[in-house]
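Structure first, then comments.
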Amino acid sequence: MTADLFGAAEPGPRAPRMLSVSELTRAVRSALEDEIGAVWVEGEVSNYRRQPSGHQYFTLKDASAQVSCVWFARGGLRLKQLALADGLQVQVRGALTVYEARGQYQINVQLVQASGAGLLQAKFEALKRKLEAEGLFDAERKRALPRFPTTIGIVTSPTGAAVRDVLNILARRAPWVRVVIYPARVQGDGAAEEVAAGVAEFGRLAEAGALTVDVILVGRGGGSTEDLWAFNEEVLARAIAASTIPVVSAVGHEIDFTIADFVADLRAPTPSAAAELLVPDGVALLQTLTRCAAQLQRAALSPIQGERQRLDYLTRSALFREPRARLAQEAQRVDLAGEALQRAWDGARSEVRSRIAELLGRLRQHRPDQLLALRREQFRAVRERLVEQFRKVVVERRTRLNRVEEILRVLSPEATLGRGYTITQRADGSVVQSPADAPADTVIVTRTRSGEFRSKVLGPEKRKAAPS
C-alpha cells in the first residue's frame, strides 16, 4: 500500500501517482502511528512554552537530534505532575504522530518524569520486595530503644545542617548525653558503603569494649530522590539489619521513605524528630524525680505519725486509774509499741534506702549532682529529727510511768501497815470497816507490818464473863 501511494514499487512504463501535500503528510502520519505508536524518549527540554489554555510546547533534544513535543492540558494520562523548564532532563512517554499543518512529526505527551526516576523507583521496589521476603522488615525483629541513653552514635555528614539540628536538640533536652559522630558521605558514589561501615564500626567497638553506644542514628537532611539514594542501597540495609545496637533511621523529610527506614528499629520523619525521640526531656525528668522524693518523704513519716497517735491514745487511757498490774501491762505495751515503731522505722528506712539507691543509680547516669546532694541532706536532717523526737517521747513516757509507780507505792496498803496501822479482814478476805461487819463468833484476821493473827469476836455475855 505504501508503495502504491509513493509510486510504483518496480520501475516500469506506468507513470508514478501524484500526491498532494495533505495526502503525503497523512500517509506519513499513519505510517508513524501504526508502525511506531507509543514511545519512551529521554532528553533535555528546550524552547519551553506554556499557553494560556494550559497546553505546553517544548523541544526534546540530545547532543545530535531533537523532536517537538506537545502536552495538552486535557489530553493523555498524567500519573505524575512535573514542572517543566529549559535544561531539565526528563523522560517522556507519548504517541508519535505528525502535525499536518506544518508537516512536522512530534510526540503527543502523556507522561513526563524526571530522568532516571523510573529506573530508581523500579530498583527501590525490587529491593524492597526482596528484603521484605527475607523478613528484614518484620515487626518482631524490631528492638525497643533505651529509655535513658547515655551515649548516642551518629553516622552522617559532619558538615550538614541536619547534624547541627540534632546536636542542638540533644544539648537542650539531655545535656548529660554523650554524642559520638562517625563522619560519612550521605550522597554520591560510595556513600552507602561509608554509612554501612559506620554502623558496623560502632558494633565492633562495642564488642571490643572500647566504646559502647546505646543507639545509632543514621540519616541526613532532605534532597531529591537521587540525593537520598544511598539509603536505598542493599549494603546499608544489611548492615542495619546485622547491627547488634538499635538503629534509628532519619532520612530527608516526613514524606520521604527509604529502604533504611523499613529495616531500622525505628523510623523518624526527620533528623530533628529523631533527636526528640531518642532522649527524654530533662525538665520533665527533673519534675518526676521531685515528685518521687516527696512521695518517699511521706512514706517515711506516715508510720511514725501513726505510732505517735497510738502513744497519745495510750496516754489518755485509764493508765493512772488502774492498779499496779494494769500499770505493768501498759508499761509493757509501751515497750512493745516502741519496738514495733522501731521495726516500722527500720523497715521504712530500709525501703527508703533501697528506693534512694535505685534512684541514685539512675541519677548517676544523668549526673544531676547538685539536686541529689540537696535531697540527701534533706533526708538526713529529717531522719535526725525523727530519731531525736522518738527518743524524747520514750524518755517522757518512762518518766511518767516511774512517777505514777512511786505514787502507787506510797498509797499502797503495804505502806499504810509500815506506819503502824493494821487491817482487819474477815475469813473471806473482806475488810472490816465497822463493828457491824464483825458480829459475834466471827473469825477475823488482823494484818500488821510484821505479820497477821486470827481472833474470834465474843458476844456480850461472854465478854462479861471474861476476866478483865
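Throughout, read-outs are computed from the coordinates displayed, never taken from laboratory work. Treat the numbers as computed from the prediction; the structure is a model and nothing was measured. Neighbour counts run over all protein chains shown; Cβ positions are idealised from the backbone, glycine included.
Brief remarks on what is shown
- FRET efficiency estimate (nearest 0.05) - Cβ-Cβ, E140 to V382, R0 56 angstrom: 0.70
- The Cα trace of the chain gives Rg and Dmax of 51.7, 202 Å, the first to one decimal, the second as a whole number.
- For segment 400-454, the equivalent ellipsoid derived from the Cα gyration tensor has semi-axes of 28, 12, 8 Å, listed largest first.
- With at most 15 other Cβ atoms within 10 Å, longest stretch of the chain clear of loop trypsin sites (Lys or Arg not before Pro) (DSSP): 148-315
- Hydrodynamic radius of segment 78-202 per Kirkwood, over alpha carbon pairs, in Å: 19.7
- Of the Cα atoms belonging to segment 120-278, the radius of gyration and Dmax stand at 14.4, 44 Å.
- Using C-alpha pairs below 8 Å separated by at least 6 residues, the relative contact order for the chain is 8 percent.
- For the chain: lysine pairs under 22 Å (alpha-carbon distance), excluding those fewer than 8 apart on one chain: 6
- Applying the criteria of a DSSP loop state and at most 11 other Cβ atoms within 10 Å to the GluC sites (Glu not before Pro) of segment 212-254 yields E254.
- Mean separation of Cα contacts under 8 Å, 6 or more apart, over the residue count of segment 415-455: relative contact order %: 40
- Its relative contact order, with pairs defined as Cα atoms under 8 Å and 6+ residues apart, puts segment 120-278 at 26 percent.
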